[in-house]
Every structure is written in structure tokens, then in C-alpha cells.
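Below you'll find the structure, written out as C-alpha cells, and then a few comments.
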Amino acid sequence: MSRTPRQEPLFGPVDSSGLTVTDIVMQTKPQTRQQATFQRLVRQIEEQRAQVAEWRTYGERYNQRVGGELMPLFARMREKRIAMLHLFDTQFHQRNVVRGKHQRAKLRDIILSLADELLLEQHDEAIMALYDKYSDLSYEDQADLGKAISQDMVEHLFGVQLDDDDSGDSIEEIFAKAMRQQQEKARNKAESASRRRKSAKQTAAEEKRAAEKKEISLSVREIYRKLASSLHPDRASTHLAVEEKTALMQRVNQAYDRGDLLELLNIQLEIEQIDADHLANLPAERIEHYIQVLRGQLAELKAELASLLAPYRSLVPYTLKIGPVHVDKAMDVEIARLEMDLRQADIDLEAYQDAKQLAAFIKNCEMGGEPDELQMLNDLLGSFTAPPSRRRKR
């Protein structure tokens with residue numbers, strides 16, 4: 001008579017009092033590939049959790065530095081640029097300061113460019129009036145025309161038809177709507193094609209996966225039911241007060257809602273509902289269910305970490321693995337640059353009151369061509385994968 005192969009214990013004999021599931025797992029050497037997978041996932045989840053916690057904590061410090069150190073410098077720099085704009089406006093109308101059609105036309109372009117940059121940052125009626133003073137087309141009319149052209153190009157680029165109401169949106173909003181509409185069309189087309197091609201074998205495979213997913217969910221739900229039953233306020237307990245049960249049940253509900261298997265098991269250990277021996281004798285099928293849950297949990301943590309890192313990627317674009325120290329250094333560099341720009345702005349404001357120095361500046365100033373709409377769309381496309389770095393304006 002054949003005997004069923006003995007399942008190797010997931011954990012060796014360990015005193016589980018005061019320990020977490022992670023502590024128990026890390027104290028043992030895996031004997032099977034399944035055990036090694038379980039142990040690896042537990043370790044990776046703890047590592048990802050530590051990184052997520054580190055970046056959440058750093059985010060608060062980063063925001064404090066931005067608000068307390070960086071933003072005041074940007075505000076001062078904006079004031080200097082507005083002062084420069086008004087100085088150019090004054091000098092433009094001074095006799096014997098700006099001479100010749102070419103020089104006047106170039107200074108006019110400089111004024112319009114600077115005013116446009118300031119208006120893109122923040123609406124200002126006085127700056128808009130000054131823009132309109134030098135432009136053949138008012139700022140609002142030019143913006144409406146640009147949006148209309150952009151919408152036509154976006155519709156052509158994505159092969160979609162946007163509503164007329166969208167014409168009042170910004171180019172970024174128009175682009176995002178077109179992208180969503182195109183993705184929805186592609187998804188519907190793929191789903192329709194998949195339904196037409198689906199064979200009996202594929203249908204059976206999908207049903208099998210759905211059944212496995214349901215079994216995995218039931219494994220986690222079983223832990224939840226045991227905890228809920230044990231922590232019910234009316235159930236007798238020798239070592240837990242009602243207040244303790246309530247607090248623990250809140251943790252159980254939160255862990256179950258976010259699919260946190262490790263936290264549920266840790267609570268079971270904490271209230272002595274399970275111990276190391278229980279974990280050691282888990283059936284292979286149950287361990288496999290837990291592995292699938294942990295894989296999903298790890299994927300969610302990785303996605304959360306990527307989301308937390310996204311705002312900093314533009315500050316440290318050439319470092320694959322970044323830490324708070326890299327972001328702090330990048331901010332230190334930006335602060336130093338802004339302080340240097342502020343000193344230079346004071347020098348320029350004084351210098352350009354002199355006609356000769358202003359004329360030299362106008363002569364040497366190279367005006368960049370206005371970007372075409374297609375380039376704007378390409379830039380926007382890139383900004384959906386990583387936040388664009390903040391350009392320093394002068």
C-alpha cells in the first residue's frame with residue numbers, strides 16, 4: 001500500500017511568542033521550492049513596505065523643504081522677472097534708447113516671450129494687458145486659436161472625435177481625453193476580437209483560473225472569519241478586554257480590505273489563535289494559495305512605491321535606484337542655482353537701465369522659435385510617463 005509523501009514543515013520548531021510571521025520565516029531554512037518561494041515573497045514584501053514607509057516619511061520633509069526653501073525663491077524670481085518686464089516696457093518707449101526697426105522688433109519679441117512665460121505660470125491681468133499691448137492678437141484670442149489647432153491635431157493623431165465642449169480645455173486636458181478615448185476604443189476592439197476567437201479550450205482555462213482565484217479568496221476569507229469570531233465583543237476571552245478586541249478588529253477589517261495576508265496572520269499569532277506549529281503543518285495547497293495572495297500584495301506594493309518615486313524621477317533622471325539623499329542633493333543644487341539667478345537678475349535690472357547695455361543685450365539675445373504643435377504633443381506624451389522637470393525661467 002503506497003503512502004502519501006510527507007509534507008516538509010514550512011517552519012522548524014520555533015517559539016512564536018512575540019514574533020511575527022516574517023520573524024518565524026526568516027529563522028528557518030526552506031526545504032522545498034514552495035517554501036523558498038513563500039520565504040522570498042515574505043522578505044520582499046517587508047523590504048517593499050520599508051521603502052514605502054521611508055518615502056512616505058520623506059515626502060513630508062520634502063514638502064516642507066519645497067514650501068519653506070524652494071517656493072520663496074521661485075516667488076522672488078518671479079518678482080524679478082516681472083520687474084524686468086516692466087523695465088523693458090519702459091525702455092521700449094524711451095527716446096534714443098531703443099533705435100531702429102530691427103532692435104525694436106526684437107525687444108518686442110523679448111517682451112512677448114517673457115510675458116507669455118509669466119502668464120503660463122500664473123494668471124495676471126496687468127501682464128495680460130501688457131502682452132496685448134505688443135501683440136497683434138490678444139492673449140486670450142491667441143490661446144483660443146492655439147487650443148483649436150491643438151484639438152484638430154490631437155484628433156488626427158489619435159483618430160478620435162472630441163466634443164465641441166472640449167475646446168475650452170487646456171492642451172493637456174484635450175490630450176488626456178483623446179488618449180483615454182483611444183485606449184477605450186482599443187480595449188473594446190480587443191475584447192470584441194477576443195470573444196470572437198475564444199475557443200472551448202480557452203474558455204475552460206479561464207473558468208479554471210476563476211475557480212482557483214475563488215479558492216484563494218476563500219482561504220483568506222477563512223482567516224478573516226476565524227479572527228472575527230474570536231474577537232467578537234460578546235465572546236468570552238481570558239486575556240483580551242473589549243477595548244482591545246475592538247482595536248484588533250479594526251486592524252483585521254483594514255487588513256482584509258487591502259488584502260494584507262501577512263497582517264491577518266500576524267494578528268492570529270498575536271492573539272495566539274495560531275502558532276509556529278500551525279504554520280509548519282499548513283497543507284501544500286493552502287501554502288500555494290498564500291503564495292498567490294502574497295504575489296498580488298507584492299505587486300501592489302511595487303506599484304505604490306513607483307507612484308511615490310514618480311515625482312522625484314525628474315530630479316534624479318540618471319539614477320536607476322534613487323534614495324532621499326539623492327533628492328536632497330538635487331534640491332540643494334536647484335536652490336543654489338536659483339540664488340545665483342536672483343543675484344544675476346539684480347545685476348541685469350540695474351544694467352539694462354543703461355541704453356548701451358540694453359542694446360548689447362538685445363543684440364546678443366537669441367530668440368528661440370515657437371515650438372510647433374506636433375512637438376508640443378510629443379512633449380506631452382513624455383510627461384504622461386514621468387513628471388517633467390521644472391524649467392527655470394529668467
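Read the figures in this text as sums done on the coordinates, not as results from a lab. None of the values given here were measured: they were computed from a predicted structure. Virtual Cβ from ideal backbone geometry, glycine too; neighbours counted across all protein chains shown.
Quick notes
- Phi-derived couplings, Karplus 6.51 cos²θ - 1.76 cosθ + 1.60 at θ = phi - 60°, listed residue by residue for the range 283-297: x, 4, 5, 5, 4, 5, 4, 4, 4, 5, 5, 5, 4, x, 5 Hz, with x used for Gly and Pro.
- Inter-label distance, residue 192 to residue 99: 7.1 nm, where each label sits 7 Å from its Cα along the C-beta direction.
- Simple spin-label estimate for residue 90 and residue 326 gives 4.7 nm between the two label positions (7 Å along the Cα-to-Cβ direction from each Cα).
- Given 101/363; 302/329; 101/133; 133/356, the pairs whose alpha carbons are separated by over 22 Å: 302/329; 133/356
- Applying the Karplus relation 6.51 cos²θ - 1.76 cosθ + 1.60 with θ = phi - 60° to the range 88-100 yields 3J(HN,Hα) values of 4, 5, 5, 5, 4, 9, 7, 5, 6, 9, 9, 10, x Hz, where x marks Gly and Pro.
- Placing dummy labels 7 Å off each Cα toward the beta-carbon, the span from residue 302 to residue 183 is 1.9 nm.
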